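For reference, the structure discussed in these notes is given below.
The values are calculated or read from the model by the stated rules, or taken from the named source; none is laboratory data. Worth saying up front: this structure is predicted, and the values here are computed from it rather than measured. Cβ sites come from the backbone with ideal geometry, for glycine too, and all protein chains shown count toward neighbours.
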Amino acid sequence: MSRRRGLVRGLQSAGPICLGYVPVAITFGAAATSFGYPVYVPLLFSAAIFAGGSQFILLAALQDATPWPYVVALCALIDSRHIVYGAFLRRIFPTRLSARLPLALGLTDEVFATALTRRDATPGRQLTAWLVGLAAAAYLCWVAGTALGAVLGTVLSHAAPALTHALDFALPALFLALSLENLNRETAVPLLAGAGAALVAVWLGNIALALAAGVVVAVTAAGWRHRSETA
């Protein structure tokens, strides 16, 4: 019964994530089909990659015939932050590798931000079930949104082309809301330090560097704060 309760609570916790994912996934699916790709292409992207930023980069690369080594390196740099995410959540992840791998696939920015609220919880079946419910709901919403956008892509691109541009804000706005929800005395310094480093990199005109700089500076600030408190 505890597993079922944990799974249900995980599904419920994914509600805000799904509200943000669906419009962004629709945008991705619509963009792919508006470029002339069949419905199954964006659907396979979302099912196999499940990374909004990387998927948009790959879609643009396919359109511009960008060299693959450059695209792979850029996506690897952007997604390298997930290594840090896994380190932070290692304590509450299940010990078995077969159980960790599916959760690793579902470890997005928003899932990480939500799971971070449980990092001090006691590991157990209910917590694992909660993580499964959280990650599974986010994954299914993203894939379902992509499918819907792919089917409606032609209609959106012709009837309401401005809609796809208006939805570009949804993913960063969602992560900002989740970050503010977790903002407290313990997380304020790392969040502000990471945001400052990212803004400097954006000002310099390098978005990929902004992502990496934000993660590195935030983690460094968190480690420095932890050491200063325990010293």
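Quick notes on this one:
- Qualifying residue in region 187-194 (condition: surrounded by 15 or more Cβ atoms within 10 Å (Cβ to Cβ), assigned by TED's automatic domain parsing to the domain that holds Arg96, among the aliphatic types (A, V, I, L, M) and modelled with pLDDT of 65 or more): no
- Residue within region 169-179 that is crowded, with 20+ Cβ neighbours inside 10 Å, assigned to a helix (DSSP H, G or I) and at pLDDT 85 or above present: no
- Exactly one residue among Thr154, Thr114 is over 16 Å from the mean Cα position of the chain (by Cα), in a helix (DSSP H, G or I) and assigned by TED's automatic domain parsing to the domain that holds Phe50, and that residue is Thr154.
- Qualifying helices (runs of 4 or more DSSP H) (wholly inside region 1-111; at least 1 residues being at negative phi, among the charged types (D, E, K, R) and touching a residue at least 60 places away in the same chain (Cβ under 8 Å)): 2-13, 81-89
- Any hit, region 201-223, residues being surrounded by 14 or more Cβ atoms within 10 Å (Cβ to Cβ), outside any helix (DSSP H, G or I) and at pLDDT 70 or above: no
- Here Ala31 clears all of (1) over 30 Å from Thr220 (Cβ atoms); (2) at pLDDT 85 or above except the condition numbered (2).
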